[in-house]
Each structure stands twice: as C-alpha cells, then as structure tokens.
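The values are calculated or read from the model by the stated rules, or taken from the named source; none is laboratory data. No experiment lies behind these values; they were computed from the predicted model shown. Note that we place each Cβ from the backbone using ideal geometry, even for glycine, and neighbour counts take in every protein chain shown. Remember, those area values only see protein heavy atoms, side chains included, never the ligands or the DNA or RNA. Shrake-Rupley method; radii C 1.70, N 1.55, O 1.52, S 1.80 Å.
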Amino acid sequence: MGRHPSTDALRARVLAEALRLFAQRGYAATSTREIAGALGLTRAALYYHFPAKDDILAALLAPAIASLQGILADAAALPAPERRTPERRAELLRAYLDLVLGNLDLMWVFIQDPSAQARPPVQAAIPLHTTLGQLLTGTEHPDTAQRTRVRSAIGALHAAVGFPDPADDPTVEPQAAHLAASDAQGIAATTERRTKDKATHG
C-alpha cells in the first residue's frame, strides 16, 4: 500500500525546504528545528517522516543516485572495447554533466559545506563515483596519470556549471563545459576528429 498523497506532499515540502536551507547555510549549520520551523511543523511531526537529518540528506540524494546507477549500468553493459572508445567516454561524461545540471541545488549543499561529504548517505555513494572514474579512464587498470586526468575532467565540469559568470549564455555553457572536461581527459580532439572523418567519408 502506497503512502497517502498528503504524506507525499509533506515529504516533498520538507525536502524542498531542507535543500534550500542546506544550500544556503550549509548542512552542518542547519538544524532539524529550523527546517521544521520554516514549514510550521513541530519537530515531532518532522521526525515522523525523517527521524534524523541524515535521513533527509539520503532522501535528497536518492533520485540522483538512482540516475547515476542507471548511467553506469548502461555504460557497463557495453562490450569492453566499445565502452572504452573516446566517443563512448565523451557520451558518459555528457550524461554525468546532464545529471549535475539537473541537481545544481544539491551540488551547492556540498560546495557550501564540504563536511556534508562525510555523512553516511554521501559516503555510501562513493563506490558509484569510483566506478564512474574507472569507466572514464577507458582502461581496466588506470595509472596515476589517467586517474588524475579524470579527476581534473570532473572537477572542471563541476566548476564550469557550479560557478557560472552572470554574463554566460546558458545555452552555450553546457556544451562548453563538456568540451573542457573532455579535453582534460584528452578525448575531445579525438572525438571531434572522428566526427569530422565520418562527415567527410560517410
């Protein structure tokens, strides 16, 4: 039996307000009392739905984690030679970029308060990011240089969309971020060249 619609609506309100406060003030600095107060709830009412603040964080993360699991499953399902090509790695990076773009408010929680990364719900997702990094290196046994390039690519992507300039064109920014991150991996030029070759000889 599913939850009552009013229960789902209240949970959605709690999560939306918690995300706003976490991103604005930081995870550690925001108390459950403040979340409840902002919604006109008693702490007992809040605890009925979320017994601990980490439960709120886990619920906020759940959709993004599910999306990332799907992205990784699709990539891992490809034959090894195919998923290691520059084109496939660029596609994987683009899928991850789209996931980040769809969760910018959640990303700000960790920008505002890096200590949130130490919380159990976030720690539980680390293996997924490890798998993402592994797939992006394009090899089963990456060396330090390859792992560093992937971290640089992901870092460049986060910085590009997480700290936009007010003058940026939002229709250009995602593609520019993707190209910059791909270039950090050393795959953008190869992908562009192969695309041009297909256009010339196709």
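Give, rounded to the nearest 20 debye, the magnitude of the charge dipole that the stretch 29-172 has about its Cα centre when Lys and Arg contribute +1 at Cβ and Asp and Glu contribute -1 at Cβ.
Here the size comes out at about 380 debye.
For the stretch 12-132, what's the radius of gyration and Dmax over Cα atoms, in angstrom?
Answer for the stretch 12-132, Rg first and Dmax second: 16.9, 56 Å.
Just to verify a number: FRET efficiency for ASP165 and ALA28, C-beta to C-beta distance, R0 = 41 Å, to 0.05?
So, using R0 = 41 Å, E works out to roughly 0.90.
Add +1 for every Lys or Arg and -1 for every Asp or Glu among the other residues with Cβ under 14 Å from the Cβ of ALA58, and state the total.
That sum, taken over residues with Cβ under 14 Å, equals +1.
When a/c reaches 1.5 or more, the comparison of a/b and b/c decides; with that in mind, is the stretch 123-172 rounded, prolate or oblate per its Cα gyration tensor?
Cα axes put the stretch 123-172 in the prolate bin.
Packing-wise, with mean Cβ within 10 Å as the measure, how do 147-153, 122-128, 177-183 rank, highest first?
The peptides rank, most packed first, as 177-183, 147-153, 122-128.
Please give me the summed charge of the neighbours of ALA28: other residues whose Cβ is under 10 Å from its Cβ, Lys and Arg +1, Asp and Glu -1.
Computed value for this residue: +2.
Rounded, prolate or oblate for the chain? Axes are the square roots of the Cα gyration tensor eigenvalues, ordered a ≥ b ≥ c, and the cut-off for rounded is a/c under 1.5.
The shape class here is prolate.
Determine the share of the chain's accessible area contributed by carbon and sulfur atoms, expressed in whole percent, with a 1.4 angstrom probe.
It is 58 percent, rounded to a whole number.
Can you give the helix-only mean residue ellipticity at 222 nm for the chain, where every DSSP H stretch with n ≥ 4 adds -39500 (n - 2.57) and the sum goes over all residues, rounded to the nearest 500 deg cm²/dmol?
-23500 deg cm²/dmol
Could you point to the residue in VAL150, LEU128, PHE50 farthest towards the positive end of the chain's charge dipole, with +1 and -1 charges on the Cβ of Lys/Arg and Asp/Glu respectively?
PHE50
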